[in-house]
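Presented below is the structure to which this report refers.
The values are calculated or read from the model by the stated rules, or taken from the named source; none is laboratory data. Remember, it's a predicted structure, so these values are computed and weren't measured experimentally. Cβ placement follows ideal geometry from the backbone for every residue including glycine, while neighbour counts extend to all protein chains displayed.
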C-alpha cells in the first residue's frame, strides 16, 4: 500500500527585503529575498511541495507583490490579518517573536484555521482601488492641514492655505478620473448606476463599494454584513446576556457606509421609516444607525445580485 502524504501548509513572514519561509509548523525554514529574483526562486521551491495552503500576513504593502506572484503561479495563498495571528499565538502559548518563529507560526495557523485563499482583483479593479485609496489619503492630508491651520503662526497660514487649495484640486481631479473610468466601462457603469439609484448613495459611496467590496452581490446578507463588520457579535456567558458589538471587517467600507446611512435616514423612505421605528422602540441612536447600515447594505447586496435598480416597494419586502 502506498503511503498517504500529509498536506503541506506553508507560512511566509514578509519584511521589506526578506522572506522567511516555513514548510509546516515543525518543518524546514529557509529564506529568500523579497525581490523579483527571490520570488522566482520561491515559486520554484514551493511548487514541488504542492502546498495545500500558503499563508502570509498583511505587512503594510510589502507582501503585495509576492502575494501576486504566488497567486499568478497558481499556488493557493491567503493574506491574513496580523491581529488574528497574534491571538492564535497567545492561544498556543507562543510568546517569543522572531522572523523565523513567525514563519513557523503562520504555517501552524494555516493548518489549524485554514483561511480562505485570497482572490486578487483584476487590473481594472486594482486601478479603481488605487484611485479611491489615493483620494482617501489626500482627504486625510486635507483634514490634517485644516487642523494645523487653527494653531499655525501667521507667517505659516498662507503656505498652509496654498497646500489646502492644491490638495482640494487634486481630490477633485481624482474624483473626475474615477468617474471617467467608471463611465468608460459598460460593466462598471451599470454597477455604479445601480448603486447610485438608491437614495442616500452618492458617487463616493458607489466608488468605494465598487473598488473595496467586490464581493457585493456574490455573498448572502449574513456573509456580506460580517465581511464589512456590521454584524453584531454576541457577548453571552452562562445566564448573562451581554451587549452586542460590531468590530473588525473593512473599516474604510464601513466608514463610507456610515455616511451614506446618515443621508439615507433623511432621504431614503425605507431607511427613514426603519430608523424612526427603531427609535420609537427605545433603541439608542447609535444602535439604530448600525441596524440601518446593515439594512442598507443588505438592500445594495440584493440589488447587485439581481441586477435590479432601486425600487421602494421591492426594498420594503423581506430580502432573502
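Numerical summary
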| quantity | calculated |
| --- | --- |
| Evaluation of residue 65 against (1) part of a helix (DSSP H, G or I); (2) modelled with pLDDT of 90 or more (one fails), failing number | (2) |
| Scan of region 81-98 for residues that are loosely packed, with under 10 Cβ neighbours inside 10 Å and not in a helix (DSSP H, G or I), ordered by number | 93, 95, 96 |
| Filter result (outside any strand (DSSP E or B), at pLDDT 90 or above and within 12 Å of residue 102 (Cβ to Cβ)) within region 16-60 | none |
| Any chance residue 257 is over 30 Å from residue 136 (Cα atoms), in contact with a helix residue (DSSP H, G or I) (Cβ under 7 Å, 6 or more places away or on another chain) and modelled with pLDDT of 85 or more | no |
